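The values are calculated or read from the model by the stated rules, or taken from the named source; none is laboratory data. Owing to the predicted nature of the structure, the values given are computational and were not obtained by experimental measurement. Cβ atoms come from the backbone with ideal geometry, glycine included; neighbour counts cover every protein chain shown. Please note that ligands, DNA and RNA were not included when accessible areas were found on the heavy atoms of the full protein model with its side chains. Shrake-Rupley method; radii C 1.70, N 1.55, O 1.52, S 1.80 Å.
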Amino acid sequence: MNSIRSLYSVSLLILAFIASSTSVNAQQYKEDFNSAQEAAKQESWTEARTLFVSAANGADEASDPDVAGRSRQIVARIDYRLGTTALRAEDFETALQHYRNGENVFPAFIKNKYGQGLALKNLDRIDEAIENWTVVMSAPGDRKTSLAAEKAIRDHFISEASAALAKRNARSSDADIALAALSSLTQIMEADADVFYYTALAHYTKGDGGSAISSAQQALAVHSGSRSDKAKIYYVLGEAFVSVNDRDSAIDAFQNAVYGSYKLSAEHYLETL
């Protein structure tokens with residue numbers, strides 16, 4: 001939900017877009033367009049949507065692509081607003097339908113495609129959600145929404161891997177679940193430090209110290225986050241070195257892991273090595 005703009009902000013976007021559209025004169029479709037603008041300014045969204053659709057259809061018949069295009073863009077924004085309202089109310093089926101309506105009317109407004117992913121995820125239709133977000137991720141024109149879709153995909157698979165490995169006494173089968181999730185992620189986008197870290201942790205859980213060391217070193221090579229995140233990478237690297245009986249390398253790794261929540265555990269290792 002944090003990735004969705006507030007309804008107030010969405011409404012302002014619609015009204016700002018309408019404000020940039022000049023009124024038109026004569027003919028029924030033009031009257032519908034002007035009436036739709038007034039309804040939208042009053043935030044009578046259902047009425048405004050109906051009138052903008054009528055204006056778009058009438059403009060098509062009159063061979064007026066400018067009014068038709070402007071009308072459909074506004075309809076798509078209204079549908080996004082209606083979808084956001086339903087999503088916040090946890091009416092995910094209704095939200096999905098509004099977002100689909102908006103995409104059907106004006107596909108270039110990719111926020112509706114992104115919103116479909118959010119609704120589908122909440123309906124436990126995650127494969128479909130990923131498909132929608134993958135399209136948005138590479139869509140032109142709205143980089144902010146594309147980045148939000150990329151983050152949604154990454155967060156889903158990283159969360160899946162993390163949950164599998166966070167189990168008490170995680171087993172090889174849990175590590176396999178994590179590795180499968182990480183593999184699905186890297187089929188869509190490049191691996192980052194989190195991917196390499198959880199890959200290292202999965203290999204360590206499976207008892208494959210050599211692969212764990214390699215993945216942890218890859219994580220460190222691309223890491224650009226906080227010192228706490230770096231400490232956790234060094235910590236799993238230290239454990240992996242212990243598992244292959246490389247004491248000196250383990251000590252070096254744990255010395256770099258003495259920070260934040262890993263401080264006490266890393267110090268314990270250093271005292272016993």
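Ligands, DNA and RNA are left out, and with a 1.4 angstrom probe the accessible area of the chain is 50 Å² per residue. With 0.36 nm allotted per residue and the present C-alpha distance subtracted, the E31-S265 stretch has 77.0 nm of extension available. The value obtained for the stretch 51-114, namely the Cα convex hull volume divided by the number of residues, is 66 Å³ per residue.
What's the FRET efficiency of S226 with E93 using the Cβ-Cβ distance as r and R₀ = 51 Å, to the nearest 0.05? That pair, S226 with E93, gives E of 0.85. Cα centroids of the stretch 45-91 and the stretch 185-252: 50 Å apart.
Between T85 and S172, the FRET efficiency estimated from the beta carbon spacing at R0 = 41 angstrom works out to 0.35.
The count of lysine pairs in the chain that are at least 8 places apart or cross chains, and whose C-alpha atoms lie under 25 Å apart, stands at 23.
Where only DSSP H runs of four or more residues are counted, the chain gives -25000 deg cm²/dmol as its mean residue ellipticity at 222 nm, each run worth -39500 (n - 2.57). What the Cβ-Cβ distance of D127 and Q255 gives, at R0 = 41 Å and to the nearest 0.05, is a FRET efficiency of 0.40. About its Cα centre, the dipole of the stretch 77-130 is roughly 280 debye, where the only charges are +1 on Lys and Arg Cβ and -1 on Asp and Glu Cβ. All C-alpha to C-alpha distances of the stretch 150-273, sorted into 5 Å bins beginning at zero, yield P(r) values of 2, 13, 21, 24, 22, 12, 5, 2, 0 percent in whole numbers. In a reduced charge model with +1 at each Lys and Arg Cβ and -1 at each Asp and Glu Cβ, the stretch 130-273 shows a dipole moment near 280 debye about its Cα centre. Of the residues G225, F196, G102, the one whose Cα sits farthest towards the positive end of the charge dipole of the chain is G225 (charges of +1 on Lys and Arg Cβ, -1 on Asp and Glu Cβ, taken about the Cα centre).
Any number yet on Rg/Rh for the chain, C-alpha, Kirkwood?
Details: Rg = 25.6 Å, Rh = 21.6 Å.
Looking at the chain, the ratio lands at 1.19.
One chain, two ends: E38 and S63. Fully extended at 0.36 nm per residue, the span grows by 6.6 nm beyond their Cα-Cα distance.
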